[in-house]
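Notes follow once the structure below has been shown.
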Amino acid sequence: FVMKLANPAPLGLFGFATCTWLLSMLNAGWFPLVQSLPLMMAMAFAFGGVAQFMAGLLEYPRGNTFGFVAFCSYGCFWFGFALYIEALPHGPLEYQGAFLVVWAVLTACLGLATLKLNRCLQLVFLTLTIAFLLLGLSHLLHMDSLHTLGGYVGMVTALLAAYQATAEVVNEVNDRIVMPI
């Protein structure tokens, strides 16, 4: 008897994709920030943080160090970001910019591991690194255009992550590659 463990990555990827997409729409200016932020932060706690952190913990018994580190890290990102947004007053925008640039560096470091993985994950980490960098620099340089552009790059990132998650589920259910990654 061999017990098969479920793949937790699609859960984490969907948590990431959903929250990234929602926040990126706000960053791109599609919806009013003040009225939309409470729902966004609720999703950051409930799905972005919880789903990704759980997926990371579930990667551990599978022996997937990359999945463990990535999902737990980004789950903590969503918890931390939501706590920051909910804790008024906010700090200076420059510090928020530095926070996002630090996450760009961490994402680039993790992105190096994707060079041995599939092309879709490589693109997720590349676009996420760019989005974090654009958003961080927008605060450091006080350039709203970079913030808007970062929002659009974030939406591309979210779509790529949603595709990766969907492909992993669909391919497993069909026991063959239906959606290439």
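The values are calculated or read from the model by the stated rules, or taken from the named source; none is laboratory data. No experiment lies behind these values; they were computed from the predicted model shown. Ideal geometry is used to build each Cβ from the backbone, glycine not excepted, and the neighbour counts take in all protein chains shown. Areas reflect the complete protein model, heavy atoms only, side chains present, ligands, DNA and RNA absent. Shrake-Rupley method; radii C 1.70, N 1.55, O 1.52, S 1.80 Å.
Observations
- Candidate set from segment 51-88 (those that are over 17 Å from the mean Cα position of the chain (by Cα) and within 19 Å of residue 117 (Cβ to Cβ)); member that is most open to solvent (accessible area, probe 1.4 Å): 60
- The listed residue being among the small types (Gly, Ala, Ser), closer than 22 Å to residue 148 by Cα and buried (at least 21 other Cβ atoms within 10 Å of the Cβ), out of 91, 48: 48
- Residue within segment 113-128 that is crowded, with 19+ Cβ neighbours inside 10 Å and in contact with a Gly (Cβ under 6 Å, 6 or more places away or on another chain) present: yes
- The combined condition, being aliphatic (A, V, I, L, M) and touching a residue at least 24 places away in the same chain (Cβ under 8 Å), is not fulfilled by residue 112.
- Summed over segment 95-109, residues that are farther than 16 Å from residue 123 by Cα and open to solvent by 80 Å² or more (accessible area, probe 1.4 Å) total 2.
- Answer from 69, 105 - the residue that is without any contact (Cβ under 8 Å) to a residue 40 or more places away in the chain, more than 19 Å from residue 158 (Cβ to Cβ), among the β-branched types (Val, Ile, Thr) and out of contact with any strand residue (DSSP E or B) (no Cβ under 9 Å at 6 or more places or on another chain): 105
- Boolean, residue 135 is modelled with pLDDT of 95 or more, open to solvent by 30 Å² or more (accessible area, probe 1.4 Å), part of a helix (DSSP H, G or I) and of a type outside the set (Asp, Glu): no
- Residue match in segment 132-146 (condition: in contact with an Asp or Glu (Cβ under 9 Å, 6 or more places away or on another chain) and closer than 18 Å to residue 25 by Cβ): yes
- Considering residues of segment 20-43 that are assigned to a helix (DSSP H, G or I) and in contact (Cβ under 8 Å) with a residue 60 or more places away in the chain only, the residue most open to solvent (accessible area, probe 1.4 Å): 21
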